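All remarks here apply to the structure that follows.
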Amino acid sequence: MQAMLSDRKGRVLIIEPGVGHRFEHKRYSLMTNYSILDPDITRPYIVPGDDRFERAEEQLEKQNADFSVTDALKILKSVRQEGIWATRVSFVYSVKRHKVFYVLDNRFEEVKEYQFKYENNQ
């Protein structure tokens, strides 16, 4: 089990119970089904050829300042799993728009949005 928590400023906390946690505040954060903090502990359970994290990270590294939510969703679509272990939820949080864009069951033609509402007392 793992969790990725983010705030409206783009700060991210990755938590993996029994493994640890990591704080990030960078251009992007990425998560997949296996351990981010200690990949060796989940390596025996990774299906051969499952390099989705590495492929997504490689694509993210190549992005420029114009990187958009649409670009991020294209990356997620390119690394999605299909079949019995299909990706069920893919999502992107936009710090600029304070919004989550998400796709259910690989239906990338049906991007849904969730807008966060904030109080003025910051």
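Just so it is clear, none of the values below were taken in a lab; they were calculated from the coordinates. Values in this document were obtained by computation on a predicted structure and should not be read as measured data. Every residue, glycine as well, gets a Cβ built from its backbone with ideal geometry; the counts of neighbours run over all protein chains shown.
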Exercise for review: Determine the pairs where a residue that is touching a residue at least 12 places away in the same chain (Cβ under 8 Å), located within the stretch 25-37, has a partner that is assigned to a loop (DSSP other than H, G, I, E, B) and of a type in the set (Phe, Trp, Tyr) with Cβ atoms under 6 Å apart, the partner being 6 or more residues away or on another chain.
Suggested key: none
Review point. For the stretch 61-102, how many residues meet the condition of being assigned to a helix (DSSP H, G or I), of a type in the set (A, V, I, L, M, F, W, C) and in contact with a Lys or Arg (Cβ under 8 Å, 6 or more places away or on another chain)?
Key: 1
Review point. Which residue pairs have Cβ atoms closer than 6 Å, lie 6 or more positions apart in sequence or on different chains, and pair a first residue in the stretch 76-97 that is under 17 Å from residue 53 (Cβ atoms) with a second residue that is surrounded by 10 or more Cβ atoms within 10 Å (Cβ to Cβ) and hydroxyl-bearing (Ser, Thr, Tyr)?
Key: 76/90; 80/87; 81/87; 91/102
Point to revise | Long-range neighbours under 6 Å by Cβ, at least six apart or interchain, first residue more than 13 Å from residue 111 (Cα to Cα) within the stretch 60-72, second surrounded by 15 or more Cβ atoms within 10 Å (Cβ to Cβ) | key: 60/28
Review point. Being farther than 19 Å from residue 96 by Cα, in a loop (DSSP other than H, G, I, E, B) and more than 15 Å from the chain's Cα centre (by Cα), is that true of even one residue in the stretch 5-13?
Key: no
